[in-house]
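This report concerns only the one structure given below.
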Amino acid sequence: MNNPKITIIVPVYNAEKYVRETLDSLKSQTLKDFEVLMIDDGSPDGSPAILDEYAQADSRFRAIHKENGGVSSARNLGLREAKGEWLIFVDADDLLPQNALEVLYAAVDDETDYVLGSVIKFGDVPEELIEIPVETKTKAVLARVLNPAPWGQLFRKSVIDANHLVFLEDLAYSEDSLFVYTFRHHIRQLALVKAPVYRYRICSDSATFSPNMMKRATHHLRAAYYFHRLVTAQSDQQAAEMLSSVRNHILGFAVSEMLQAQNREEVEAALRQQYADTFVKDGISMGDFDTLVNTVKASLS
């Protein structure tokens, strides 16, 4: 096929329960000029056969099979293989509303590098609309838009390529936040649209509910420190404020995981040591960590 307007990147691992519904939501899009890269990350379940079925039925769908390397390696493979001018990421258990691509692409112009829409949470939670606060093209508003995940957004591929942006494969959590906010730093102009363009499924068997709190907490803190270094190297005050907000947001994730861990004392000891080896060495007081712990603890009670 000729180069499409949009490439949809779908990392897939053990997703046979939901992936058909996800792919059907892509197939039914009102904007038809797209390709779907279905990246099978070494799934041992029935997912690979499902992807092959869709690839055989529709030339816009392409199944790529690889050894298991994690969601970041799957997304990075999608970045390398993508032919579209624009990219959108869709998780294998989530959905796109039927007009999602059309709504997002309608906001594109020659100066826009990034389009962000509203998201609906559904599944094992009451359905909830997470609405974009305002429709604007002003970059400053990003300081108030903390959606850290890469879904519900259009990314101009040339910006990714020019700045050699990838998902960090040594981070299992918050790696998507690093990608999204590094990308935002390089854009010329954005477009925010209030219409819901993504349905994010929350379910009890989701990776979101992984019991490995130690890994989740320490990886979130590592990601927060990446943002801290970006803040300290930033001369643009507006960008620094945006990155600081994200850093604090992810630090809150790390502490929240710690407080909810069954082995809390062990996780807290590891997190405190990690904080001392990074933030404290950069001149941040350990007292700031204690204050954060108390703040998050109060929000959870």
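Counting only residues that are without any contact (Cβ under 8 Å) to a residue 60 or more places away in the chain and either assigned to a loop (DSSP other than H, G, I, E, B) or in contact with a helix residue (DSSP H, G or I) (Cβ under 6 Å, 6 or more places away or on another chain) (or both), the range 27-45 holds 12 of them.
Could you identify the single residue in His219, His249 that is closer than 30 Å to Glu131 by Cβ, surrounded by 20 or more Cβ atoms within 10 Å (Cβ to Cβ) and under 18 Å from the mean Cα position of the chain (by Cα)? Break it down stepwise before answering.
On the way: His249 fails: surrounded by 20 or more Cβ atoms within 10 Å (Cβ to Cβ).
None of the others qualify; the one that does is His219.
Here the condition is being in contact with a Ser or Thr (Cβ under 9 Å, 6 or more places away or on another chain) and over 22 Å from Ser177 (Cα atoms); of Val267, Val296, Val280, it holds for Val267 alone.
Taking the range 184-208 as the range and being over 25 Å from Ala15 (Cβ atoms) and either open to solvent by less than 30 Å² (accessible area, probe 1.4 Å) or assigned to a strand (DSSP E or B) (or both) as the test, the residues that pass are Arg184, Ile187, Leu190, Ala191, Leu192, Val193, Lys194, Ala195.
Each row is one residue, and each column tells you yes or no for (1) open to solvent by less than 70 Å² (accessible area, probe 1.4 Å); (2) in contact with a helix residue (DSSP H, G or I) (Cβ under 8 Å, 6 or more places away or on another chain).
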| position | (1), (2) |
| --- | --- |
| Pro4 | yes, no |
| Ser25 | yes, no |
| Ser47 | yes, yes |
| Leu51 | yes, yes |
| Glu81 | yes, no |
| Ala92 | yes, yes |
| Leu95 | yes, yes |
| Glu102 | no, no |
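Going by the structure shown, is Ser256 small (Gly, Ala, Ser), open to solvent by 20 Å² or more (accessible area, probe 1.4 Å), within 17 Å of the chain's Cα centre (by Cα) and under 30 Å from Pro11 (Cα atoms)? Spelling it out, it is not the case that Ser256 is small (Gly, Ala, Ser), open to solvent by 20 Å² or more (accessible area, probe 1.4 Å), within 17 Å of the chain's Cα centre (by Cα) and under 30 Å from Pro11 (Cα atoms). Here is a check on your reading of the model: is Val267 assigned to a helix (DSSP H, G or I), free of Cβ contacts under 8 Å to residues at least 40 places away in the same chain and either of a type in the set (Phe, Trp, Tyr) or open to solvent by less than 60 Å² (accessible area, probe 1.4 Å) (or both)? In short, no.
Filtered by the rule that a residue be open to solvent by 20 Å² or more (accessible area, probe 1.4 Å) and outside any helix (DSSP H, G or I), the range 14-23 gives Asn14, Glu16, Lys17, Tyr18.
Would you call Gln234 without any contact (Cβ under 8 Å) to a residue 24 or more places away in the chain and open to solvent by 40 Å² or more (accessible area, probe 1.4 Å)? Spell out the reasoning first.
Numbers: without any contact (Cβ under 8 Å) to a residue 24 or more places away in the chain: yes; open to solvent by 40 Å² or more (accessible area, probe 1.4 Å): yes.
Judged against the criteria, Gln234 is a match.
Cβ-Cβ contacts under 7 Å between residues 6 or more apart (or on different chains), taken from a first residue in the range 172-196 that is under 10 Å from Leu116 (Cα atoms) to a second residue that is among the charged types (D, E, K, R) and open to solvent by 40 Å² or more (accessible area, probe 1.4 Å), are listed as Leu190/Lys137; Leu190/Lys139; Ala191/Lys137; Leu192/Glu135; Val193/Glu135; Lys194/Glu131; Lys194/Glu135.
Residues in the range 112-120 include at least one that is in a loop (DSSP other than H, G, I, E, B) and either modelled with pLDDT under 95 or hydroxyl-bearing (Ser, Thr, Tyr) (or both). Counting only residues that are without any contact (Cβ under 8 Å) to a residue 24 or more places away in the chain and either hydrophobic (A, V, I, L, M, F, W, C) or in contact with a Pro (Cβ under 7 Å, 6 or more places away or on another chain) (or both), the range 245-264 holds 0 of them. For the range 53-72, the tally of residues that are open to solvent by 10 Å² or more (accessible area, probe 1.4 Å) and either touching a residue at least 40 places away in the same chain (Cβ under 8 Å) or in a helix (DSSP H, G or I) (or both) stands at 11.
Please verify whether Ser256 is farther than 17 Å from Asp170 by Cα, hydroxyl-bearing (Ser, Thr, Tyr) and at pLDDT 85 or above, treating the condition exactly as stated.
Details: farther than 17 Å from Asp170 by Cα: yes; hydroxyl-bearing (Ser, Thr, Tyr): yes; at pLDDT 85 or above: yes.
So Ser256 passes the test.
Do we have Tyr173 as modelled with pLDDT of 85 or more and closer than 23 Å to Thr22 by Cβ here? Considered against the rule, which asks whether it is modelled with pLDDT of 85 or more and closer than 23 Å to Thr22 by Cβ, Tyr173 comes out as no.
The values are calculated or read from the model by the stated rules, or taken from the named source; none is laboratory data. The structure displayed is predicted, hence computed values, not measured ones. With ideal geometry, Cβ positions are generated from the backbone for all residues, glycine too; neighbour counts draw on all protein chains shown. Each accessible area value is taken on the protein alone, full model and side chains, heavy atoms only, with ligands, DNA and RNA left out. Shrake-Rupley method; radii C 1.70, N 1.55, O 1.52, S 1.80 Å.
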